1. So the label point goes 7 Å from the Cα of Y7 along Cα→C-beta, right? Which residues of region 88-120 then have their backbone N under 12 Å from it?
2. In nm, to one decimal, how far is the modelled label at D36 from the one at E52, with both set 7 Å along Cα→Cβ?
3. Name the aspartates and glutamates eligible as straight-distance cross-link partners of K18: C-alpha to C-alpha under 16 Å, and not fewer than 8 places from it in the same chain.
4. Starting from the Cα of K5, draw a straight line to each of the lysines and keep only those under 28 Å, dropping any in the same chain fewer than 8 residues away.
Amino acid sequence: MGAKKKYSLEYEIHSSPKILFNFISTPNGLAQWFADDVTVRDDLYTFRWNSELQKARLLGLRDNKSVKFKWEDDEPYCYFELEILQDELTGDVALAVTDFTTEDEKSEKKLIWDNQVDNLLSLIGA
């Protein structure tokens, strides 16, 4: 297995940054599209998919802008970040996803993000 490398994806979202931020930064918001259930204690988030649990530490939070997590069992330099981008001229909103993966798992990880963001889009009605 090769070393993990950073990659980014961008999705157009028809939503206000404030509404989108609630979906990417709160346990309730994340549980509606990203995982089956999300709980938080201090800055440690527990994500549940079926019977699988994964814990991530909150590394950073910028109001109505971005949230950054690090999986507890991942390599030290790896994280995933969800960032809200808004075009100053058009007002268009996008969600940028930054994550790390190996080259041989990149297409699978992209597909997972595509599916998760499709869930988000259907919730927002975008």
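1. Backbone N within reach: 98-114.
2. The two pseudo-label positions are separated by 1.1 nm.
3. D63, E83, D87, E88, D92
4. Straight-distance partners of K5: K55, K65, K68, K70, K106, K109, K110.
Quick note: the coordinates plus some simple rules give every number you see, no bench work behind them. Since the model is a prediction, treat every value here as computed from it, not as a measurement. So basically every Cβ, Gly included, is an ideal-geometry build from the backbone, and we count neighbours across all protein chains shown.
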